[in-house]
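Here's the structure, in structure tokens; my notes come after.
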């Protein structure tokens, strides 16, 4: 649904207040830090010293999808990301599946990242000889009652999002600059203890270990598409969205590879098996200075808050689009005339994410998120090819290079990484899809706006 149609329906509209710099920061904020700060400890034992190759492989896969996102974002500049793209091209049923996958991508990844914040909070407290009570340091799966740190991170992000998109973007920009600074600081510190011998043997687990780790660390790239959820809040979406997505991808991949190489150079790969907050421990051991560890740990928490903030931002905008289309309750689409944000939808999302973050373990959340994201990314590649065939003359502010090779490779790479995930992840994904299809058949299909209009009318409303 377009802004004008949403306004006519009495749902309210979002405010165009974001420039290209803020859009880049949204994508970087939703992406940078997750894999390095949270997943690195579990991914290195899978790939060994070749973990940096796993980041390159995952980054290349994400880049293949990113160029498809860039083309679609310029053509369909509305909230909803790949959900809206699928709706406009492949129909409502496929769009629902895509949107349900995006719920897995954004809401669940926000919860997973918030869980990771707990490790850094505990590391910071240990500097002062303090620690959270066991009952508050982790959820039931970790022997506790609730992960208090994760809960507080999510609630803080919810408050910022309710205040407004512009305010959230400003806070995110500050946090992004902080985390870029601390990751560069880490690389400088780690390279002072660099030992090239730590890279031999490069592939102790073989090529299978690298591809398996690539599937895991693909979680690190979840969020690069966050700028595409800001289509209705961008000042010049047709030009700025493609630019923001591509700039964010290049920046994030470069930093990930730099930090991964520095980390392996500083410590043997076996060391990471027992490290939950690996980077802060490396800084502590190399510098031996409490103040550097304190600064790094605090900045790491800020970095994680930025990821949670922007992934939740993306989730609320996708739910807004799905609510406008009638597939979920309409209150998700209601925009406050005062703050120009979907307040009710944001609060509901925040509560659900807070419950998940405070009670569920990180590993299961991260891998389940990856499979849903890869599926959604593959659908964007299909959408690009569909529109190239059905509407070849429609103006495009960005065109996928080397078409059709690039989107085909992007789809194939996503499917390849999906099939490298563990069997239990597929079972969780299958159950998630069964729940999603049941909701669609029981509620979404009967309340859908598309039932009252043709697919062509929907495309015209999106100005395709």
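Structure summary
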{"quantity": "Segment residue 409-residue 126, extension gain: residue separation times 0.36 nm, minus the distance between their alpha carbons", "calculated": "97.2 nm"}
{"quantity": "Gain in span if fully extended, residue 181 to residue 419, counting 0.36 nm per residue against the direct Cα distance", "calculated": "82.1 nm"}
{"quantity": "Rounded tilt (10° steps) of 148-163 against the dominant C-alpha axis of the chain", "calculated": "40"}
{"quantity": "Option label - log10 I(q)/I(0) by the Debye sum over Cα atoms at q = 0.07, 0.09 Å⁻¹ computed here, alternatives (1) -0.36, -0.60; (2) -0.43, -0.70; (3) -0.32, -0.54", "calculated": "(3)"}
{"quantity": "Length released on extending from residue 239 to residue 199, taking residue separation times 0.36 nm less the Cα-Cα span", "calculated": "10.2 nm"}
{"quantity": "CD proxy at 222 nm, helix term only [per DSSP H run n ≥ 4: -39500 (n - 2.57); per residue of the chain; nearest 500]", "calculated": "-23000 deg cm²/dmol"}
{"quantity": "Distance in nm between pseudo-label sites at residue 448 and residue 338 (7 Å out along the Cβ direction from Cα)", "calculated": "3.7"}
{"quantity": "Helix 165-191 vs. the chain, principal-axis angle (Cα, 0 to 90°, nearest 10)", "calculated": "30"}
{"quantity": "Distance-filtered residues of segment 321-342 - backbone nitrogen under 19 Å, label point 7 angstrom along residue 15 Cα→Cβ", "calculated": "333-342"}
{"quantity": "Tilt relative to the chain, helix 362-390 - C-alpha long axis, 0 to 90 degrees, to 10", "calculated": "40"}
{"quantity": "Residues 298, 203 arranged by fewest to most Cβ contacts within 10 Å", "calculated": "203, 298"}
{"quantity": "Inter-label distance for residue 441 and residue 159, nm, one decimal - labels placed 7 Å from Cα along Cα-to-Cβ", "calculated": "4.4"}
{"quantity": "Residues 304, 424, sorted so that the one with the fewest Cβ neighbours within 10 Å comes first", "calculated": "424, 304"}
{"quantity": "Neighbour-count order for 351, 155, 18, fewest beta carbons within 10 angstrom listed first", "calculated": "351, 155, 18"}
{"quantity": "Mean separation of Cα contacts under 8 Å (6+ apart) over length of the chain, as relative contact order %", "calculated": "35"}
{"quantity": "Approximate spin-label separation residue 254-residue 174, in nm, with each point projected 7 Å along Cα-to-Cβ", "calculated": "2.6"}
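Laboratory data are not the source of any read-out in this text; all were calculated from the coordinates shown. Every value quoted in this text rests on a predicted model; they were computed, and no experiment measured them. Using ideal geometry, Cβ is built from the backbone for each residue, glycine included, and neighbour counts are taken over all protein chains shown.
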